[in-house]
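Read through the structure below, which is laid out as structure tokens, and then see the notes.
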Amino acid sequence: MRTILIAGLILAAVGAARASLSNLVSAWGHDFTVTPFQPMELMVATARDRKSGAAMVNLVRMPSGTVMALVPLDQLKDMPRIAPQDMMPPP
């Protein structure tokens, strides 16, 4: 019984991983196609509140010099509008 439970958990984890790495993302009532993920070296930082020291947002400095925030899609209320020159180069 324990072996079946472990096998089931492994299959569930593999299924979740495949779904998270698929090339389709749905948000704001739209279905988006995502380019293949590729390794890229970026400058990253964390913005912290000065008074409390709490981490507030993850930041990335793009190759163009623009600083962008990394925010989970499900935490954005409206679909963001990003200027084409601020997008990462396609693979």
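Each residue in the stretch 41-57 was checked for being at pLDDT 90 or above, surrounded by 11 or more Cβ atoms within 10 Å (Cβ to Cβ) and not basic (K, R), and 2 pass. Within the stretch 67-84, can one find any residue that is loosely packed, with under 11 Cβ neighbours inside 10 Å, aliphatic (A, V, I, L, M) and in contact with a Lys or Arg (Cβ under 6 Å, 6 or more places away or on another chain)? No, there is no match, as no residue in the stretch 67-84 is loosely packed, with under 11 Cβ neighbours inside 10 Å, aliphatic (A, V, I, L, M) and in contact with a Lys or Arg (Cβ under 6 Å, 6 or more places away or on another chain). One residue alone among V67, V57, V71 is touching a residue at least 12 places away in the same chain (Cβ under 8 Å) and more than 23 Å from S26 (Cβ to Cβ), and that residue is V57.
The values are calculated or read from the model by the stated rules, or taken from the named source; none is laboratory data. Worth saying up front: this structure is predicted, and the values here are computed from it rather than measured. Cβ atoms come from the backbone with ideal geometry, glycine included; neighbour counts cover every protein chain shown.
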